[in-house]
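Since the structure comes first, as C-alpha cells, the remarks are kept for the end.
The values are calculated or read from the model by the stated rules, or taken from the named source; none is laboratory data. Worth saying up front: this structure is predicted, and the values here are computed from it rather than measured. Cβ atoms come from the backbone with ideal geometry, glycine included; neighbour counts cover every protein chain shown. What goes into the accessible areas is simple: the full protein's heavy atoms, side chains included, and nothing from ligands, DNA or RNA. Shrake-Rupley method; radii C 1.70, N 1.55, O 1.52, S 1.80 Å.
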Amino acid sequence: MFPRRLIVPLLIPVVLLAAGTVGYRLIEGPSWSWLDAAYMTTITLTTVGFGEVRPLSDGGRVFTMLVCLGGIFTLAYVVTEIIRFFVSGEIQRTLGRQRVERNLAAIRDHYIVCGYGRMGRMVCKEFEARKIPFVVVDRNEEINDEFPSPVGLFAHGDATSDAVLLNAGVARARALVAVTRSDADNLFIVLSARLLNDKLFIVARAEEGAAEVKLRRVGADQVVSPYAIGGHRMAQAALRPTVVDFIELATRTDNLEMQIEEIRLRPGSALVGQTLGECRLRQEVGVIIVAIKQPTGGLIASPSGDTVLDADSTLVVLGDREQLDRLEKLASGT
C-alpha cells in the first residue's frame, strides 16, 4: 500500500505543471502550442534559467512570477516532506506493515489470539515457548511495537469485525482464543469466527458465569473462567498439593524431563487398528498412555492393553520431550 503521507507532496508538482500549462495557453493565446506552454511551465517551476520560449505579454510575465514563486515554495515543501518521510523512519514502518500483510496472507494452521491483555500475553508466551505460529488481534496499535516475534504476527483492528478476522487468517487457522475483557466482545468474536470457519477450535474467556452457556451455544468448544479456575486451583493446592505440583510440572513447557501432551492419531499411522498391547508404546517408545479420547467424544481413562487405537483418536500421554516427539511421528504416519 502506498504511503498516504506522500500522496499530496507528489501530486503537487503534477497539479502545478497542469495549471501552469493551461494558464500560459489561455493568457498567451493560440500562438503558444501546448508543448510551448508545458515547456515554459517546467523551466519556470524548476528555475533552471533558460530563456523564454516566446516573448511574453504583461499578463504572461505576471503569471510567470506567480508560477515561479509558487514553484519555489511548493517544491521546497515537497522535498521537505520526502526527506522527513525517510529520516523519520516511516519508510521502515511502511515496509514493515507490507511485510506483515504478506505474512498474514501466507500463514496457515496457526492460532489466533483476540485480545492482548494480561491473559492474552500469557497465552502468547506459551505459544512462543512451543514455537507455535500465532496471530494477535487487538485494537491497540502500539502493541505492534512488540511484533513480529519469532512465531507471532500482529493484526491491528477490532476482532469482532469479520474483515479483521479474515485478515488474521481465520479461514486457515487451527484454533482461536478469545480473551478480551468483555464477555459481549468474546461472544461476538466466537459467533463471527464460527460462521467464518465451522471447523475452527475455539476457546473463549468468560468473566460472568452466565456467559459460559451463551459462549458454548454460539460455538465455543471450551470456555475458561479465570476466577473459577483460580479458585479451584487454590482449593486443590490446599487439599492436594502433591497432585497440583505434579500437574504443574508435567504441563510446563520448560520441563524437558517430563511433560503431558495430547497427540492425535492420523488415519495413515501404523498404530491405527492395533491394541495398546500390540503397539508396545511403553516398552518401545517409553511413554505412558494416561487416557484416550475417542473420535466419538468418549474418554477412556487408564486404558487397558486390549484397547484398540482408532483413527482420529487423541492420546493423552506422559513422557519426556524426545519420547513425545517420537510418538508424534508414529501417530502422524511420517
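Condition check for THR251 on (1) β-branched (Val, Ile, Thr); (2) buried (at least 17 other Cβ atoms within 10 Å of the Cβ); (3) farther than 15 Å from LEU327 by Cα: one failure, at (2).
One line per residue, one yes/no per condition, for (1) of a type in the set (D, E, K, R); (2) crowded, with 16+ Cβ neighbours inside 10 Å; (3) assigned to a loop (DSSP other than H, G, I, E, B):
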site	(1), (2), (3)
PHE127	no, yes, no
ILE132	no, yes, yes
ARG181	yes, no, yes
ASN186	no, yes, no
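So if I check each of VAL137, VAL123, VAL177, which one is within 20 Å of ALA206 (Cα to Cα), in contact (Cβ under 8 Å) with a residue 40 or more places away in the chain, in a strand (DSSP E or B) and not basic (Lys, Arg)? Answer to the check: VAL177. Taking segment 277-319 as the search range and keeping residues that are charged (D, E, K, R) and under 24 Å from ARG252 (Cα atoms), which one is surrounded by the most Cβ atoms within 10 Å (Cβ to Cβ)? Once the filter is applied, the top-ranked residue is LYS293.
Can you tell which of LEU153, LEU166 is open to solvent by 10 Å² or more (accessible area, probe 1.4 Å), outside any helix (DSSP H, G or I), of a type outside the set (Phe, Trp, Tyr) and under 17 Å from GLU101 (Cβ atoms)? Spell out how you get there, then give the answer.
Details: LEU166 fails: outside any helix (DSSP H, G or I).
Being open to solvent by 10 Å² or more (accessible area, probe 1.4 Å), outside any helix (DSSP H, G or I), of a type outside the set (Phe, Trp, Tyr) and under 17 Å from GLU101 (Cβ atoms) holds for just one of LEU153, LEU166, which is LEU153.
Being touching a strand residue (DSSP E or B) at 6+ places or on another chain (Cβ under 9 Å), of a type in the set (A, V, I, L, M) and without any contact (Cβ under 8 Å) to a residue 12 or more places away in the chain, is that true of even one residue in segment 206-223? Taking every residue of segment 206-223 in turn, at least one turns out to be touching a strand residue (DSSP E or B) at 6+ places or on another chain (Cβ under 9 Å), of a type in the set (A, V, I, L, M) and without any contact (Cβ under 8 Å) to a residue 12 or more places away in the chain. Restricting ALA220, ALA211, ALA270 to those that are open to solvent by less than 40 Å² (accessible area, probe 1.4 Å), touching a helix residue (DSSP H, G or I) at 6+ places or on another chain (Cβ under 8 Å) and not in a helix (DSSP H, G or I) reduces the list to ALA220.
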